[in-house]
Structures are given as structure tokens and as C-alpha cells.
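Since the structure comes first, as C-alpha cells, the remarks are kept for the end.
Nothing in this text is a laboratory measurement; each read-out follows from the coordinates by a stated rule. All figures in this text were calculated on a predicted structure; none of them were measured in a lab. Here Cβ is always computed from backbone atoms with ideal geometry, including for glycine, and neighbour counts include all displayed protein chains.
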Amino acid sequence: MIADAATSLDAASTHGYLLVLAIVVPVGGVLIATAVGGRTAERTAFAVIAAGLILGFAILLDVWMTSRPLAYVLGNWAAPLGITLRADGISAVMLVTTALIIAATALYACADFTIPRDGLEARAPFVFWVLLLAVWAALNTVFLSGDLFNLYVALELLTFAAVPLVALSGRAEAITAALRYLLFALAGSIFYLLGVALLYGAYGTLDIILLHQRIRPELAVSLAVAMMTAGLLAKTALFPLHFWLPPAHAGAPPAASAILSALVVKGSFFLIIRIWFDVLPGSRSLAAAQVLGVMGAAAILFGSIVAFRQARLKLLIAYSTVAQIGYLFLLFPLVVGFEGSPWSATAWTGGWIQLVSHAFAKAAMFMAAGLIAQALGHDRIDDLGGVARALPLTVLAFAISGISLMGVPPSGGLIAGAYVIRVMTRMLGPRLELPTLSVKVDRWRQSLPLSLAICAMLLGLLPLQSLELLQVGLPHFLGSAGR
């Protein structure tokens, strides 16, 4: 990324204010929604979401058209004294992915978190809309920050916005799951912060570009990266540090589960990518990368087997997230193992397609599961017979999402067939009469997970030229496709 960093920063700063707005707009939305109260919080959230979508696509278009990272130096104080916001190709893609999923989730949540005009204000709707904007603000900060301490602050904001979403229902099991999530996240933060302190003590800066220029292969660096990676693995829930994820994601309200699984765990994974490929010098350890790959392979096997054995649909989807996170970590041995060749760039692009595809598919799955549970009054897999006739669009959304995760062409996912087929055989199984629905589900709500599922599927049809966006701003070691 970094050979001609100063030139890139100067050349890409014309529209750098967009990066500031991408953070300020959702933060401002949090403050306004908190100040105006429950009845206006929802309208504030939708106004912010509309602005955020425009900003996300504007940043993506700028990076795509210029083929250079977009940057902004806060207060005109250059690093190491100041802080730089920076959007390269993967940042721009994640900004748009996050904005789209947040928008779909907000529409989906209207039926569950809207206060009737003639009703009393309730705690849950107000808290949900504020936390939704807070999660968005924290994620955008993670994707745009160019300073390791700022990234720590952003991750903590993300944690403290996501944990209450898990406990939003107020049930005892949800609160227990939220506390377990909090403990894992805080333990991960301690390890990450210790690594940050080591790097700062050794090199006197936490700016990612300056660290890349100054850092040397030595014991302090290896120890710092090991601690930071371990802490972030706990936040990402990579096996065997996954214990907090299934109960947290399954116990949260469906709209919250969609955000947690599709986006929140991606924040810490994104930071691992930044540390390994933007901070470290060219001599990355293949052995360490292979360890991450082995952990990822173990997560795939464990998560898939346990998902297959679940009795509840939301728990099955939650354990499938454990497996899908494992696929993401196969990126490390593939990219590092082929370092310097075009295969490295190919592995990089494939890994990011999988990440974005998983985000759309998993959000769709949790939304579909929420609609099924709401309509039937339960999400027991063995009792889903006939639901395909009662909720055809919802079941279609689940099926397309499953096809994406299974990797059936032209989708952008990987193998996840056993547990998806198990659920579909129940949903499509013979039943003479329609199941009794506790609640009628509107077709427009069913269309939301279907839209996200179709997005996940269509990622496999993108032209190769558009995928070069994922390589804008990458280190040169990724081969001839890097920039």
C-alpha cells in the first residue's frame, strides 16, 4: 500500500471530507435520536440511513474511478501527531455493504420497533434505533481509521453498541448471553491494547502507514502481533474462541441477529487484515498464517457439524456463522503462501467476495428465520412442515441464502450443504394442511430478506473488472494485481 503513500494521500484528498461525513452522520444521528426521544428516533434513523447510503456509494465511486485510496488528514495535523482517515478498495466495499444491510434491517425492524401514534413510548424501540446507528458509526470508523489506537476505540464502541442489542429482549438467557459476549470482548480488548502499547513503545507511532515504513521483524513485533491477533480472534469468535457467539446471535431479536452476524464480527476480522497486511513488513510468517488456516478449517468442521444437530432454526444459523467465519481465515495461508504472485491477489479477491456474500446471506437468513418464528410462534426445525406454502417468499430467501453459503454457482459462497438441505427438506416436506400462523407476515417484509439473498447470489456474476476495486490500495506483495 505504501510505497508511494504520500503521493496517494495527496492525490486522493479532493473528496476526503466524505470520509469525515461517513462517521459524523451516524454519530450525529445517535446524538439527535437520544435527544429527541423514542417517537422521533425511528425517523431520525431513516434520515441518517438515507444520507449514509449516498455517502457510502460516493466514496465507493471515487475510489473506483480514481483507482486510488481516498484520504483525509484530521485538523491538518499529519501523522504521527495527527490522525488520517483512509478508504482503500476493501474499505469502500465494506462501507457500501454495511449501509445496504443496515438499511434493509431498519426496514425489517419497523414492524417490531415502531411506537404506535396512540401508544405509550417503550424502551426497546428507542434503544434499538439508537444502537443501530451506534453500530453503524463504529463500523464506519473501523473501516476508515488509519491509526491502531483509534481502531481500538472504534472496536470498543462497536462492542458497547452490540452487547445491548443481544440483551434487548430482557430475557434471562439473553442477558446471560450478552454478559458472556461482553467478557470475551473485553478480554480480547486487553490483549489488543497490550500489543498496541508494545508497538508504540518500539516505534513511537500508531499510524498504519508510518508503522509499515518503520517496523522491522523482531521479537517485540512478533509478540505484539500475536497478542493483538489473539484478542481480535476472541472478538471474531474463531473456533475455539466461539463460545459466546451462538447464544448471543440466537438470543437477540431477529433484526439484531442480522446485524451481529452479518456485520459486527466483520469489524474485528477487518482489523486483523489491517494488522497482517498493512502494518507488518513483507516477511509475514507462513507458519503463523497456516495456524490461522488450521483454526479456520477446524471452525468449518465444528460449526457445520454442530449446526446440523441443532433443533432450533436460529441456533442452526448461529452455528453456521461459526463455520463461515472459518472460511474467512483460509485467506491467510493462501495469500501469504503465494506472496509475490498473481495467485495471491486471486486469493485476496476470493476471500473478500466470500466475506461480502456471507454478510448478505446471513442477514437474509436471520431475517427469514425471524419471520418464520413470528408467524408460527416457534422455530423448531422438525415442526416446519408446510411453511413453504404459508411463507413462500421467506422460504425462498432462506433457500437462496443457503445456496450462496453452499457455493452453488453462480453464488459467492462455500460448502454448507448438509444443514441447509436438512432445513429445506422440513420446510418443503409434505403436509396436507397449511400450518397455523400466529401472526400474518406482510409480503413486503418477506421481500427484504429475499432482496439480500439475491444480492449474495449475484456477487458470483460480477465482472472481473469490477472486482479490481478490492485491490485498490493493497500492498505490492500481493502480486501484479496489487496497487
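Assuming 0.36 nm per residue, please report the length gained on full extension of the stretch residue 53 to residue 179 beyond their Cα-Cα distance.
Result for the pair: 42.1 nm of gain on full extension.
Would you order 43, 422 from fewest to most other beta-carbon atoms within 10 Å of each residue's own beta-carbon?
With the sparsest Cβ surroundings first, the list reads 43, 422.
Taking neighbour Cβ counts within 10 Å as the exposure measure, how do 192, 152 sort from fewest upward? Write out the running numbers ahead of the final one.
On the way: 192 27, 152 20.
Ordered by Cβ neighbours within 10 Å, fewest first: 152, 192.
Modelling each spin label as a point 7 Å along the Cα-to-Cβ direction, I'd like the residue 444/residue 285 distance in nm, to one decimal.
Between residue 444 and residue 285, the label points sit 5.5 nm apart.
Just rank 362, 314, fewest to most, by other beta-carbon atoms within 10 angstrom.
The most exposed by this proxy come first: 314, 362.
For helix 265-274, report the angle its Cα long axis makes with the longest principal axis of the Cα atoms of the chain; keep it between 0 and 90° and round to the nearest 10°.
So the helix axis and the longest Cα principal axis differ by about 20 degrees.
Compute, for the chain, the length of the dipole vector about the Cα centre, with Cβ point charges of +1 (Lys, Arg) and -1 (Asp, Glu) only. Units Debye, rounded to 20.
920 debye
Can you tell which of 384, 247, 419 lies farthest toward the positive end of the dipole of the chain, using +1 and -1 charges on the Cβ of basic and acidic side chains (Lys, Arg; Asp, Glu)?
384
For the chain, take the longest principal axis of its alpha carbons; what is the angle in degrees between that and the long axis of helix 313-328, to the nearest 10 within 0 to 90?
20 degrees
Have a look at segment 285-483 and give its Rg and Dmax from the Cα atoms, expressed in angstrom.
18.7, 61
Express in nm, to one decimal, how much length is gained between residue 64 and residue 186 on full extension, taking 0.36 nm for each residue of separation and deducting their alpha carbon distance. Intermediate results must be reported in sequence, preceding the final value.
Numbers: separation 122, 0.36 × 122 = 43.92 nm, distance 3.66 nm.
Stretched fully, the residue 64-residue 186 segment lengthens by 40.3 nm.
Cα axis of helix 392-406 to longest principal axis of the chain: angle in degrees, 0 to 90, nearest 10?
Taking Cα atoms only, the helix is inclined about 40 degrees.
Place a +1 charge on the Cβ of each Lys and Arg in segment 285-483 and a -1 charge on the Cβ of each Asp and Glu, then give the dipole magnitude about the Cα centre in debye, rounded to the nearest 20.
Charge dipole, segment 285-483, about its Cα centre: 500 debye, nearest 20.
Would you mind checking segment 138-169 for residues with the amide N under 14 Å from a putative spin-label position 7 Å along Cα→C-beta of residue 24?
Once the point is set 7 Å along Cα→Cβ of residue 24, nothing inside segment 138-169 turns out to lie under 14 Å by backbone N.
Given R₀ = 25 Å, FRET efficiency for residue 343-residue 305 by Cβ-Cβ distance, to 0.05?
Details: r = 31 Å, r/R0 = 1.22.
FRET efficiency, residue 343 to residue 305: 0.25.
Relative contact order for the chain: what is it in percent, counting Cα pairs under 8 Å that are at least 6 residues apart?
Computed over the chain, the figure is 15 percent.
So what is the orientation-averaged projected area of the chain, using the convex hull of its C-alpha atoms, in nm²?
On the way: hull surface 84.3 nm².
Over all viewing directions, the chain projects a mean Cα-hull area of 21.1 nm².
R0 = 22 Å: FRET efficiency of residue 380 with residue 243, Cβ-based, nearest 0.05?
So the FRET efficiency works out to roughly 0.40.
Roughly what would the spin-label model give for residue 114 and residue 462, points 7 Å off Cα along C-beta, in nm?
That separation, rounded to one decimal, is 3.3 nm.
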